[in-house]
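Here, each number is a calculation from the coordinates, and none is a lab measurement. A quick note: this is a predicted structure, and the numbers were derived from the prediction, not measured. Cβ: placed from backbone, ideal geometry, glycine included. Neighbour counts: every protein chain shown.
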Amino acid sequence: MKFPEIPTDNLYKFMALSGIAIIIASFFPFYFQHKLHIQSLRLAGDKILLYSEHESLKNKTLRVLEKFDSTKQNVKYLQEISKLHKSKKTMTMKEFEKFSNELQKFEASKPELVIGETVEYIDDFWDKYQQLKALSIQIATKELELSYINNIIIKGVILFYFCALVGFILSCIGFSLWYKKLQVPLDMTIKNKIQDKQKQ
């Protein structure tokens, strides 16, 4: 008993064409991976800008704190001199001149401005501190986005190469089986028919 043969010609063509389709389809993730790579470069640039802005704000905050400390020390120094002279009932002429000079220096620096500047420094410091916190959060967010996109890029590249390899192997197998099992026997049959016709 002879079993009917399964028509394999369409199967081989299907394998070959499916392999080509898979190769072509594998280029689409590659295109999106390229766009993600460009986006990751932009994020890296944004992150660098945020870091530099963060450092700049940190330096400004330190300068504000230094000014505040300097002003605070000047006021404290004058308070101590004042307390010292208040505790004494009498002052020597030298002590009086020294105190008078210090007082004139302080008055020349306009104490109401010093106090106003101190309040301004505190407000400025608070603003800078809030900006630093916001920038730190933005930097952390950019780092997470960059990490996520880089992971997607790596997975996309792996998927691209895997699909391209599977498609290439499938196409090679399909075309070689199609050629060996169908085309060669078909060519032999046609060649034999031509030879038979020529003999007649």
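In the neighborhood of residue 141, defined by Cβ-to-Cβ distances under 11 Å, what is the net charge if each Lys or Arg adds +1 and each Asp or Glu adds -1?
Values: positive: 47, 142; negative: 46, 143, 145.
Summing Lys/Arg as +1 and Asp/Glu as -1 gives -1.
Kindly flag which residue pairs out of 35/142; 35/128; 60/142; 35/58; 67/133 have an alpha-carbon separation exceeding 26 Å in this structure. Write out the running numbers ahead of the final one.
Working: 35/142 17 Å; 35/128 36 Å; 60/142 23 Å; 35/58 34 Å; 67/133 22 Å.
Result: 35/128; 35/58 exceed 26 Å.
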Checklist entry - Which ³J(HN,Hα) values in Hz, rounded to whole numbers, follow from the phi angles of the stretch 128-144 under the Karplus curve 6.51 cos²θ - 1.76 cosθ + 1.60, where θ = phi - 60° and Gly and Pro get x? => result 5, 4, 5, 5, 4, 4, 5, 5, 4, 5, 4, 5, 4, 5, 4, 5, 5
